[in-house]
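Undergrad: Submitted below is the structure of interest, expressed as structure tokens.
The values are calculated or read from the model by the stated rules, or taken from the named source; none is laboratory data. Since the model is a prediction, treat every value here as computed from it, not as a measurement. All Cβ positions, glycine included, derive from the backbone under ideal geometry; neighbour counts span all protein chains shown. We work out accessible area using only protein heavy atoms, side chains counted, and drop any ligands, DNA or RNA first. Shrake-Rupley method; radii C 1.70, N 1.55, O 1.52, S 1.80 Å.
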Amino acid sequence: MKKSALQIARAAYQPKLPVTLTGAVVAIEGEPTQSVADQEEIKQLFPNTYGLPELRFEKSGKQIAGKPVNVGVILSGGQAPGGHNVICGLFDGIKKINKDSRLYGFLMGPGGLVDHNYIELTADIIDEYRNTGGFDIIGSGRTKLEKQEQFDKGLEILKQLGISALVIIGGDDSNTNAAVLAEYYKNIGAGVQVIGCPKTIDGDLKNEVIEASFGFDTATKVYSELIGNIQRDCFSAKKYWHFIKLMGRSASHIALECALQTQPNVCIVSEEVEAKNQTLQDVVNYIADIVAKRAENGNNFGTVLIPEGLIEFIPAMKNLIAELNDLLAKTPDFAEWAPEKQREFVIANLSQNSATVYASLPAGVARQLTLDRDPHGNVQVSLIETEKLLSEMVGNRLKEMAKAGSYNGKFSPLHHFFGYEGRCAAPSNFDADYCYALGYNAAMLINAGVTGYMSSLRNLTKPSVQWLAGGIPISMMFNMERRHGEMKPVIQKALVRLEGTPFQRFAAKRDDWALNTQYVFPGPIQYFGPAEVCDMPTKTLQYEHLDK
Ligand code: FBP
């Protein structure tokens, strides 16, 4: 494939490893750990990998040396900038351990392991992908590894290729799978270590010990550039209200980070809507009031950021979705029915409250709620057109207000959805360094002989050379949640904390941003130039560090 000038220049970028990882390491064990909730149940489900200690790497002062190791790698779930660098770091790490080590990539996600589809990743291939966006080196997929026959089928090919360690690069669901697989292989004495790496643009795979998932930095910078450009356009023409839905699945981290970077007129944070027990109409009224107040000052324009998961956080909608999840899990042929039959069936089988909410929704949105779940049982929120739903309802509300004499303005909404635009961008310097180090560090965890761990780097607001490297037992992040109608052990998703500094900073400023146009135009990601332009981590990460 022909390369752009930036790709060629960027290929030469050498990610900066933490000093700790620049030679051989010793693994220092911390205290035994326990899961964030439901300890007894999780301990029973993970008898071999529960309670392991955290690991911290320190420089040993020696040269790295070890036996050759064959490693498999899987990219799982949605794309996130920097995935290629995780693989490059892993490759360089295992080659550092022993130049005869080999890396195999399973194709198109966890399905590649089960179906025995793989390629060997050689130096020539790896060099083509350094510091590039995308997951195309081996592709990704959302197959859920959950059945014993899948694990056994996977083990056949691992044995055949002499693979003794598998690295799964994925989000909360995929790392949950990694921990389940690690437990199973340990239990049957398969001799295969399983290591996870925290990936997702959504930013919701983080906790006390994992500071950030990779890809969030680059994706939010791409969206903020686009939002900034729209704000400049809207400030120039002064005639449109832009309703911008942002990816991020359930959590509002992406919307919040973009708000902190661009200072829009409105940003809805789903977690706050839930905490205040707001209805859809409350959210609509809040936006309509801002539109009306701006109109009083002659400002018939503005920007509204909407997290894609909003619908799921409106309590009445949340109940409806939970009931739909259970109902659809019990009705496997639902998707084959005609739309009217589906609608009648749903209304007849929901509780009265949920049936009323369902019936009150515009038909298109109601139908979107019943579309296929992903293999993990999640509603595909990116398919629900919340931005159109909200702008339509705001328009209706403004008509009522105009009749009552409390609004006199012009409302012309435009709609945008930013998601896929950011997932495969060339990684920012932060993500290029973070991902390379995560992969390299995974190689060190393999060398340390552990399983069921997630590659971890901390101290992320400092320059990358000062990051702290180690491993976190994945079972430590588990709690029990209802999935597909059954209670399952899963990694607890990190939602926006309303008491945390990122939200508090936003909340302190939003009234000012709503009425007095205070837009910031961040511009495109810069790869070459001063550190304050090129290497700055997200505001979320910077503010979260103030909470520590
Ligand atoms: P992961 O959780 O797998 O990282 O995926 C993140 C995400 O980009 C969400 O923000 C979005 O809702 C979803 O993937 C879209 O999924 P798909 O790529 O299957 O359309």
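Undergrad: Has region 28-49 got any residue that is farther than 17 Å from I472 by Cα and β-branched (V, I, T)?
TA: Among the residues of region 28-49, not one is farther than 17 Å from I472 by Cα and β-branched (V, I, T), which makes the answer no.
Undergrad: Among the numbered conditions (1) at pLDDT 95 or above; (2) open to solvent by 10 Å² or more (accessible area, probe 1.4 Å); (3) part of a strand (DSSP E or B), tell me where T461 comes up short.
TA: Looking at each condition in turn, T461 falls short on (3).
Undergrad: May I ask you to list pairs of residues, at least six apart or on different chains, whose Cβ atoms are under 6 Å apart, with the first in region 37-58 being charged (D, E, K, R) and the second being open to solvent by 20 Å² or more (accessible area, probe 1.4 Å) and not in a strand (DSSP E or B)?
TA: Close Cβ pairs satisfying both conditions: K43/Y50.
Undergrad: Which members of region 199-220 meet the condition of being open to solvent by 10 Å² or more (accessible area, probe 1.4 Å), more than 8 Å from the ligand (Cβ to nearest atom) and under 8 Å from the mean Cα position of the chain (by Cα)?
TA: Passing the criteria: only F216.
Undergrad: Quick check on K488: is it assigned to a loop (DSSP other than H, G, I, E, B) and modelled with pLDDT under 95?
TA: So K488 does not fit the description; no.
Undergrad: For region 381-394, check the following and say yes or no: at least one residue is within 16 Å of the ligand (Cβ to nearest atom), open to solvent by 10 Å² or more (accessible area, probe 1.4 Å) and outside any helix (DSSP H, G or I).
TA: Yes, the conditions are met somewhere in region 381-394.
Undergrad: Regarding region 520-539, can at least one residue be identified that is at pLDDT below 95, within 30 Å of A190 (Cβ to Cβ) and surrounded by fewer than 21 Cβ atoms within 10 Å (Cβ to Cβ)?
TA: No, the conditions are met nowhere in region 520-539.
Undergrad: Here's another thing I want to ask about it. Sort out which residues of region 349-373 are hydroxyl-bearing (S, T, Y) and outside any helix (DSSP H, G or I), and write them in order of number.
TA: S351, T370
Undergrad: Can you give me the number of residues within region 353-380 that are modelled with pLDDT of 75 or more, within 16 Å of the ligand (Cβ to nearest atom) and either aliphatic (A, V, I, L, M) or open to solvent by less than 30 Å² (accessible area, probe 1.4 Å) (or both)?
TA: Matching residues across region 353-380 total 2.
Okay, residues lined up against (1) of a type outside the set (A, V, I, L, M); (2) in contact (Cβ under 8 Å) with a residue 60 or more places away in the chain:
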{"residue": "K276", "(1), (2)": "yes, no"}
{"residue": "T279", "(1), (2)": "yes, no"}
{"residue": "I287", "(1), (2)": "no, yes"}
{"residue": "I290", "(1), (2)": "no, yes"}
{"residue": "K293", "(1), (2)": "yes, yes"}
{"residue": "N300", "(1), (2)": "yes, yes"}
{"residue": "G309", "(1), (2)": "yes, yes"}
{"residue": "F313", "(1), (2)": "yes, yes"}
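Undergrad: Could you check L495 against (1) open to solvent by 50 Å² or more (accessible area, probe 1.4 Å); (2) under 16 Å from T538 (Cβ atoms); (3) under 20 Å from the mean Cα position of the chain (by Cα) and say which number it fails?
TA: So the condition that L495 fails would be (2).
Undergrad: Looking only at strands (runs of 3 or more DSSP E) that lie completely in region 1-78, which have at least 2 residues being open to solvent by 30 Å² or more (accessible area, probe 1.4 Å)?
TA: Ranges flagged: 25-32, 53-59.
Undergrad: Counting only residues that are out of contact with any Ser or Thr (no Cβ under 8 Å at 6 or more places or on another chain) and open to solvent by 10 Å² or more (accessible area, probe 1.4 Å), which one in region 79-97 is nearest to the ligand (Cβ to nearest atom)?
TA: Within region 79-97, the match that is nearest to the ligand (Cβ to nearest atom) is F91.
Undergrad: Moving on. Name the residue that is nearest to L17 (Cα to Cα), counting only residues in region 464-479 that are assigned to a strand (DSSP E or B) and open to solvent by less than 10 Å² (accessible area, probe 1.4 Å).
TA: Taking the candidates together, the pick is A469.
Undergrad: Right, another one. Of N277, N319, N265, N349, which residue is more than 29 Å from the chain's Cα centre (by Cα) and away from the ligand (no atom under 16 Å from the Cβ)?
TA: N349
Undergrad: Follow-up question, since we're still on this one. Would you pick out the residues in region 455-480 that are basic (K, R) and more than 19 Å from the chain's Cα centre (by Cα)?
TA: K462
Undergrad: Assess whether E340 counts as being out of contact with any Leu (no Cβ under 9 Å at 6 or more places or on another chain) and open to solvent by less than 70 Å² (accessible area, probe 1.4 Å).
TA: no
Undergrad: Check whether at least one residue in region 341-350 is without any contact (Cβ under 8 Å) to a residue 12 or more places away in the chain and aliphatic (A, V, I, L, M), and report yes or no.
TA: Yes, region 341-350 contains at least one residue that is without any contact (Cβ under 8 Å) to a residue 12 or more places away in the chain and aliphatic (A, V, I, L, M).
Undergrad: A further question follows. If we keep just the residues of region 131-183 that are among the basic types (K, R) and surrounded by fewer than 17 Cβ atoms within 10 Å (Cβ to Cβ), which is nearest to G439 (Cα to Cα)?
TA: In this case the residue turns out to be K159.
Undergrad: Any idea which of Y240, Y223 is within 14 Å of the ligand (Cβ to nearest atom) and touching a Cys at 6+ places or on another chain (Cβ under 8 Å)?
TA: Y223
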